[in-house]
1. Can you give the Kirkwood hydrodynamic radius for region 276-375, in Å, rounded to one decimal and based on Cα pairs?
2. State the dimensionless ratio Rg/Rh of region 329-370 (Rg: radius of gyration of Cα atoms; Rh: Kirkwood radius).
3. Rank-order 311-319, 337-345, 113-121 by packing density, defined as the average count of other C-beta atoms within 10 Å over each peptide's residues, highest first.
4. Between region 139-158 and region 243-319, what is the separation of their alpha carbon centroids in Å?
5. Using only protein heavy atoms and a 1.4 Å probe, report how much of THR250 is accessible, in Å² to the nearest 10.
6. Roughly what % antiparallel, to the nearest 5, for the DSSP beta bridges in the chain?
7. Starting from region 29-64, pick out the chymotrypsin sites (Phe, Trp or Tyr not before Pro) whose DSSP state is loop and whose Cβ has at most 14 other Cβ atoms within 10 Å.
8. Given a 1.4 angstrom probe, I'd like the percentage of the accessible area of region 23-258 that is carbon and sulfur, rounded to a whole number.
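The values are calculated or read from the model by the stated rules, or taken from the named source; none is laboratory data. What you see is a predicted model, and the numbers here were worked out from it, not measured in a lab. Neighbour counts run over all protein chains shown; Cβ positions are idealised from the backbone, glycine included. Surface areas here come from the heavy atoms of the whole protein model, side chains and all, with no ligands, DNA or RNA. Shrake-Rupley method; radii C 1.70, N 1.55, O 1.52, S 1.80 Å.
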Amino acid sequence: MAHSRSAGRQRPIPFIRPNPPRLSTLTPELAAIEDSGIFSNYGPVNARFEDRVASTVFESKGDCVTVANATIGLMLAIKQAVGWKPRGRFALMPSFTFAATAHAALWCGLTPLLCDIDPETWLPDAAAEDALLKQYGSDIAVILPNATFGNCLDLDRYARLSDAYGIPLVIDAAASMGSLDANDKAFGIDSRFPLVFSLHATKAFATSEGGLIYCADRDLIATLRAMGNFGFGEPRCATMPGLNSKLSETTALLGLTKLKDFEAIAEHRDDLYERYRTLLPDFTFQRMTGNRTAHQFVPVLVPERMAGNVQQATAGLERCGIGSGRYFVPHIAQQPYFQQTCTAADLTVTDTIARRVIALPISDSMTVEDVGHVSDIFRQVCGPRPVSRRAGRSELATVEAGR
Ligand SMILES: *Cc1c(COP(=O)(O)O)cnc(C)c1O
């Protein structure tokens with residue numbers, strides 16, 4: 001009775017519904033791993049997975065190495081980029097990113113230098129980055145942009161910046177596996193700087209825990225591979241910084257299996273996203289810079305009058321059985337640990353977007369009808385006309401009575 005009539009027919013729609021390949025259907029492949037006696041250490045299944053990603057996704061332009069997760073992949077790539085004794089102390093990154101980006105830099109002994117984002121693409125703001133590079137110069141040890149929500153960064157511009165300032169670059173492309181650039185190529189293809197992708201269960205390319213680093217520079221990937229195996233440049237002998245970032249054969253099997261239907265999954269998710277955009281024309285979405293995005297969820301801005309009061313929309317959706325989330329809220333500069341460890345520049349746009357952003361659900365099993373349902377409810381809980389905070393409650397009650 002608390003729900004509208006259409007909601008009554010609807011199954012609940014969780015915010016994220018992870019869909020990794022079903023291990024229970026891969027018994028022969030699991031038995032083959034057991035028979036091989038090789039369970040990790042860049043084994044044969046892992047090698048097949050890496051080869052297939054390099055050849056099918058990145059058209060054999062370079063190599064990739066798997067990692068246990070993207071966070072540890074970022075740690076490796078940053079460490080390799082800045083060297084054993086970093087020249088500068090800062091890692092230039094947006095505040096509008098996941099905690100992992102800042103943590104990885106901090107584990108490398110660097111101080112995240114947090115910059116603002118572009119109001120439309122939500123990618124790191126070019127003018128803000130330019131200003132900080134001018135101000136801090138060689139005190140910046142690495143440039144660490146995040147390809148926000150799978151959106152494509154202008155990597156040519158970053159290559160020019162890196163060359164102009166002599167500062168290395170690592171790209172946090174955690175949510176980008178499956179994203180296509182403006183030329184319909186995999187985002188990052190041919191990049192001489194490493195891109196770190198996540199294969200976490202909640203990402204579009206869902207396994208369980210896992211990550212992958214791609215780079216056109218094969219030597220760089222070989223170095224990262226050795227770093228990820230305790231820095232063993234020679235048999236059981238550390239010749240460089242190292243840790244253990246290796247992916248198990250079982251997870252590599254999940255990745256290999258995921259590759260089979262991933263094109264269809266990425267297309268389906270992009271279709272659902274486009275449906276949201278069509279059904280919510282008066283809402284603000286991220287401006288996409290590529291031809292396809294590997295959507296993990298659907299971030300959208302609530303109307304300005306609801307800024308700072310997004311929980312009203314969240315609660316309204318929840319009462320209709322629809323999950324939602326808030327990314328990246330709180331952003332880095334708003335989190336207590338990072339407030340003590342990072343340096344923040346002006347973050348006006350980040351603050352504004354963080355006050356208004358809500359993420360709507362997308363999943364492999366959702367249909368365009370589901371998107372219609374979520375959009376209807378979302379539009380209702382956001383209200384067709386200005387509502388005062390006090391009136392908000394009764395307005396919602398009306399919505400849910402099936403007005
Ligand atoms: C998911 C995500 C990560 C972390 O990936 P893990 O594989 O879970 O370590 C890092 N950065 C961004 C931007 C992400 O979205």
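1. Final number for the Kirkwood radius of region 276-375 is 15.0 Å.
2. 1.22
3. Final packing ranking: 113-121, 311-319, 337-345.
4. A separation of 20 Å, based on Cα centres.
5. Ignoring ligands and nucleic acids, THR250 comes out at about 50 Å².
6. 60
7. Listed in order of number, the matching sites are PHE39.
8. 52
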